[in-house]
Each structure stands twice: as structure tokens, then as C-alpha cells.
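The values are calculated or read from the model by the stated rules, or taken from the named source; none is laboratory data. Just so it is clear, the model here is predicted, and its values are computed rather than measured. We place every Cβ from the backbone using ideal geometry, glycine too, and count neighbours over all the protein chains shown.
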Amino acid sequence: MDKTAVFIDNGYLKKVQDEMKIRVDYEKFSNEIVGNGDGRFRTYVYDCPPFQSNPPTPEEIKRKSGFDKFKYNITRLPRFEFRTGRLQQLRDDHGNVIQKSDGTPMLKQKGIDMALGIDVTKLSATKQIQKIIIVAGDSDFIPAIIAAKQEGILVTLYYSAGTFLHDSLYEVCDDRVIITNELMSKCIRAFPQ
């Protein structure tokens with residue numbers, strides 16, 4: 001039975017890949033973390049397109065093109081869905097854009113956690129799944145995890161010891177698995193995704 005759904009916050013997984021200097025094949029990664037005992041219902045990948053100034057710089061155009069190619073390739077994998085959020089510039093109390101030390105604007109993802117929470121809640125409430133695997137580090141969708149658990153869904157968190165992990169997310173999940181170099185090495189991407 002295909003009763004396990006995988007939810008990937010791609011901003012988080014990109015940090016894990018950068019930390020380990022490994023690029024994974026998302027289909028291999030999803031199948032590896034689901035394992036042989038459970039079937040994979042579907043994998044949901046959540047990400048935002050990169051920031052584009054007006055007009056965009058050549059580097060921003062290149063990053064956007066890479067994002068579009070990644071999204072295109074993910075959506076063509078079997079049983080994969082791609083959910084897109086947006087980036088918002090952070091502003092101070094006076095409405096001025098807050099900038100990093102290099103002069104680029106500070107940005108925050110918007111819509112990703114809400115989309116992930118809605119998908120978790122909907123699939124759980126309609127009994128389409130029995131188990132959830134989450135690859136993430138922040139706590140914004142904890143209410144959705146709690147709702148899923150109340151529906152009898154088992155929730156497993158995959159996380160990296162080297163990247164940020166919110167304590168509340170760790171505590172609310174039923175099981176926790178550290179993403180190791182060994183796991184990532186089993187899923188190395190053979191060509192760009």
C-alpha cells in the first residue's frame with residue numbers, strides 16, 4: 001500500500017546538501033527515506049523562486065532559470081508535486097528594506113509553511129495516508145502535525161544535526177531520523193536536476 005507521504009522544505013534540504021557537499025536525486029532520496037516496507041503515496045516539494053530585482057541582474061536571471069529547470073524536472077518525476085511560495089523583502093518599522101552587509105535585501109519565504117500545513121492536514125483528515133515523513137527544520141507547521149497525529153497519522157522527522165532544527169518540531173514528531181552522509185551518499189544525483 002502506498003500510504004506514506006513525504007514533505008520536503010526544499011530551502012532546508014538545500015542547506016543540508018550544501019553542508020554535506022552532496023546533491024541528491026530527489027526520487028532516490030524519497031524512496032530511500034520511505035524504505036521498502038511502506039509505499040510512497042507522493043512527495044511534496046516546497047520552495048520559492050529566487051529574488052528578482054526590477055530589472056533583474058544577469059545573476060538573478062541565471063538563478064531564476066536554474067529554479068525553473070529544477071521545478072520542471074521535479075514535476076516530471078512520478079508521484080511528485082511542487083508547491084511554490086514567494087520571497088518577501090523584510091522591512092523595518094519605517095517601511096525601509098532591511099539589507100544584509102553585502103547590500104542585498106533580507107528576504108523571507110512566504111506561503112511555504114502554510115501550503116505544507118494544508119497538504120498535511122488535508123491528506124490526514126481524508127485518510128489518504130497513514131504516515132508522514134517531514135524534511136524540515138522550522139516550527140511554523142506544528143499545528144498541522146498535531147492535527148495529523150490526532151487523526152492517527154505517524155509523523156517521522158528527517159533532520160540534519162548540522163543545520164537549524166526547532167526544538168518544538170523535534171518534540172512533536174513521533175520518530176526522528178538524522179540525515180547522515182551515508183544516507184545522502186545512497187541518493188547522489190547522477191546529473192543535474
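Assorted remarks:
- Among (1) of a type outside the set (A, V, I, L, M, F, W, C); (2) in a loop (DSSP other than H, G, I, E, B); (3) out of contact with any Gly (no Cβ under 8 Å at 6 or more places or on another chain), the one test that ASP119 misses: (2)
- Top-ranked residue of the stretch 152-163 - restricted to ones that are farther than 15 Å from PHE7 by Cβ and surrounded by 11 or more Cβ atoms within 10 Å (Cβ to Cβ), ranked as farthest from the chain's Cα centre (by Cα): GLY162
- Residues that are outside any helix (DSSP H, G or I) and in contact with a helix residue (DSSP H, G or I) (Cβ under 9 Å, 6 or more places away or on another chain) were ranked within the stretch 166-176; the one that is surrounded by the most Cβ atoms within 10 Å (Cβ to Cβ) is CYS173.
- If you go through the stretch 36-84 and keep only what is at negative phi, surrounded by 12 or more Cβ atoms within 10 Å (Cβ to Cβ) and part of a loop (DSSP other than H, G, I, E, B), you end up with ASP38, GLY39, CYS48, PRO49, PRO50, PHE51, GLN52, PRO56, LEU77.
- The residues listed here are LYS149, LYS127, LYS108; of these, the one that is charged (D, E, K, R) and assigned to a strand (DSSP E or B) is LYS108.
- Candidate set from the stretch 2-30 (those that are out of contact with any Gly (no Cβ under 9 Å at 6 or more places or on another chain) and among the hydroxyl-bearing types (Ser, Thr, Tyr)); member that is surrounded by the most Cβ atoms within 10 Å (Cβ to Cβ): SER30
- Test result for ILE33, surrounded by 15 or more Cβ atoms within 10 Å (Cβ to Cβ) and at pLDDT 95 or above: yes
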